[in-house]
């Protein structure tokens, strides 16, 4: 599917997006706070497109036809956590150049509406590392409420604390 918002187009990732993905995802301010390592090469980014970003309901956030981030609604078994039947897990990131412009909120709002209207989703969960105030603010703007705290393990095997938030239909 393709979604058009006021400023963005959300579309499936394409192999030709690998260079743009690498440009943004190599930034160490992006991945580690979300639990994934910075991309090491265009080939690494291409592999991510062909595996992780090829999952259903995963979209490139594009601005002026350039992929600048990602938004997804992961449904079991694709998510990081199992939240129960009728649930999905919202995930997102955006290139540092585009922080603070409301674009992740805009993209996520569209995916949330799609989940509730078209996918028979009743509850959407999202998690963020306890120190990630930017992600917390995104979820608050989207109307998510505190659900619980969890311990998780990152790609280096380090345990970290995260907050789980919920939004119900």
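The values are calculated or read from the model by the stated rules, or taken from the named source; none is laboratory data. As the structure is a prediction and not an experimental result, all values here were calculated from the model. Here Cβ is always computed from backbone atoms with ideal geometry, including for glycine, and neighbour counts include all displayed protein chains.
No other residue among 157, 143, 102 is more than 15 Å from the chain's Cα centre (by Cα) and modelled with pLDDT of 95 or more apart from 143.
Residues that are in contact (Cβ under 8 Å) with a residue 12 or more places away in the chain and closer than 20 Å to residue 103 by Cα were ranked within the stretch 130-139; the one that is surrounded by the most Cβ atoms within 10 Å (Cβ to Cβ) is 139. Checking each residue in the stretch 140-167 for being surrounded by 11 or more Cβ atoms within 10 Å (Cβ to Cβ), in contact with a helix residue (DSSP H, G or I) (Cβ under 9 Å, 6 or more places away or on another chain) and outside any helix (DSSP H, G or I) picks out 142, 143, 144, 154, 163, 165, 167.
Only one entry of 79, 88, 69 meets the criterion of being outside any strand (DSSP E or B) and either under 18 Å from residue 3 (Cβ atoms) or modelled with pLDDT under 95 (or both), and that entry is 79. Inside the stretch 1-36, residues that are over 20 Å from residue 105 (Cα atoms) and loosely packed, with under 14 Cβ neighbours inside 10 Å make up a count of 5.
Annotation: of all residues in the stretch 45-66 being surrounded by fewer than 17 Cβ atoms within 10 Å (Cβ to Cβ) and without any contact (Cβ under 8 Å) to a residue 40 or more places away in the chain, the one that is farthest from residue 118 (Cα to Cα) is 47. Starting from the stretch 145-159, keep only residues that are more than 12 Å from residue 35 (Cβ to Cβ), then list their pairs with residues that are modelled with pLDDT under 90 and surrounded by 12 or more Cβ atoms within 10 Å (Cβ to Cβ) whose Cβ atoms are within a distance under 6 Å, requiring at least 6 positions of separation or different chains. Pairs that qualify, where the first residue is more than 12 Å from residue 35 (Cβ to Cβ) and the partner is modelled with pLDDT under 90 and surrounded by 12 or more Cβ atoms within 10 Å (Cβ to Cβ): there are none.
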